[in-house]
1. Show me the ranking of peptides 162-173, 59-70 by mean Cβ neighbours inside 10 Å, starting with the highest.
2. So who's got an amide H within less than 5 Å of the one on residue 15, skipping anything under 5 residues away but keeping other chains? H placed 1.01 Å off N, in plane.
3. Name the long-range amide H neighbours of residue 22: under 5 Å, sequence gap of 5 or more, or other chain; modelled H, no Pro or chain starts.
4. Strictly over 25 Å apart at the Cα level, which of 47/171; 92/167; 47/101; 70/163 would you flag in this model?
5. Report the extension gain between residue 125 and residue 149 in nm, rounded to one decimal, defined as 0.36 nm multiplied by the number of residues separating them, less their alpha carbon distance.
6. Could you report the accessible area of residue 117 in Å², rounded to 10, computed with a 1.4 Å probe on the protein chains as they sit in the structure?
7. Please state the shape class of the stretch 103-149: rounded when a/c is under 1.5, otherwise prolate if a/b exceeds b/c and oblate if not, all from the C-alpha gyration tensor.
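The values are calculated or read from the model by the stated rules, or taken from the named source; none is laboratory data. Small disclaimer: the values here were computed from a predicted structure and weren't measured. Don't worry about glycine lacking a Cβ; one is built from the backbone with ideal geometry, like all the others, and counts go over all protein chains shown. Protein only, heavy atoms only, side chains kept; ligands, DNA and RNA dropped before computing areas. Shrake-Rupley method; radii C 1.70, N 1.55, O 1.52, S 1.80 Å.
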Amino acid sequence: MMLSYASSTTVSQCYDVFMSFRGEDTRMTFTGHLYEALIENGIITYKDDRTLGLGKRIAPELLQAIETSKIAVVILSRQYATSKWCLQELAKIVDCMKRGKLIVIPIFYHVTPSDVRHQSDCFEQAFSNHDANTEIAPGKVNIWRAAFEEVGALSGLHVTKDKDEAKEVKKVVSQVLKYLSNTMPLDRSKSLVGIESRVDEVKKYIENGV
């Protein structure tokens, strides 16, 4: 059975993949196609489809979903940095990555890794606006910049306008499946401490007619 997750009010399970994206850029294109491909391959995926209202805080369950995911697929598009919600997600993702709890796959969608790393070109104005916003603590913007720099330095997928997006989606799914296969236990019984010795004892009782 294929399982998936699109936002609800609670988070009660672990996820294979958490998707971070700017809705107005890619929701109906690359992100939507990737999400469908992931769930078709049986990958449990968290994709939040809400739009955060002005002045509202990021939902706690969304941060919890990041904590309980194995992989974060971050789709960095031209308007990604204009969203404080996206930047808070990214900061949380990088924090989990540094603690060894999360694998991050960056998708540079119509942007370059260099621009992400240095917050240049389309990202420059977005960060300048955040710097000028007196409602945002300067320390928080610095955290967002550091997260951008971290993710921009990671090996990822660079999707340019001249590439076949269907093929790029397949590449991402293939990479996710590869990571998941490396993290799944080969034999679930191995996690049951002492189970083999107990089975041997039961066999002896049976052989002795007990």
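1. Highest-to-lowest ranking by the protection proxy: 59-70, 162-173.
2. 69, 70
3. Those lying under 5 Å, H to H, from residue 22 are 77.
4. 92/167; 70/163
5. 7.0 nm
6. Using a 1.4 Å probe on the heavy atoms, I get roughly 80 Å².
7. Oblate.
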